[in-house]
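Laboratory data are not the source of any read-out in this text; all were calculated from the coordinates shown. The structure displayed is predicted, hence computed values, not measured ones. FYI the Cβ positions are ideal-geometry reconstructions off the backbone, even for glycines, and counts take in every protein chain you see.
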Amino acid sequence: EEKRDRILKIYYRLREPLNLKEIEKLGPRAGVIPQAVKEVNQSLIDDNLVESDKIGIGAFFWALPS
């Protein structure tokens, strides 16, 4: 749960779409181990806390505070 909050705060702070590579770089800075970032991000998507869309060949993720 704490990992989910930390990843979600990254989205809220930046307020812009990110690709998975960017999230994987920022996750460890927020205190989430690199191996867990992808799994935590997917759980946030599954719970509709993070939006995702495929644009061209890239997948982008975002969440805005509301």
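Quick one: putting +1 on the C-beta of Lys and Arg, -1 on the C-beta of Asp and Glu, what dipole do you get for the chain around its Cα centre, in Debye to the nearest 20?
It comes to approximately 300 debye.
Run through segment 1-62 and list the GluC sites (Glu not before Pro) located in a DSSP loop whose Cβ has at most 10 other Cβ atoms within 10 Å.
Glu1
Could you tell me what a quarter of the Cα convex hull surface of segment 11-60 works out to, in nm² with one decimal place?
3.5 nm²
Which trypsin sites (Lys or Arg not before Pro) does the chain hold that lie in a coil by DSSP with at most 10 other beta carbons within 10 Å?
Here the trypsin sites (Lys or Arg not before Pro) that fit, given the DSSP loop and packing criteria, are Arg15.
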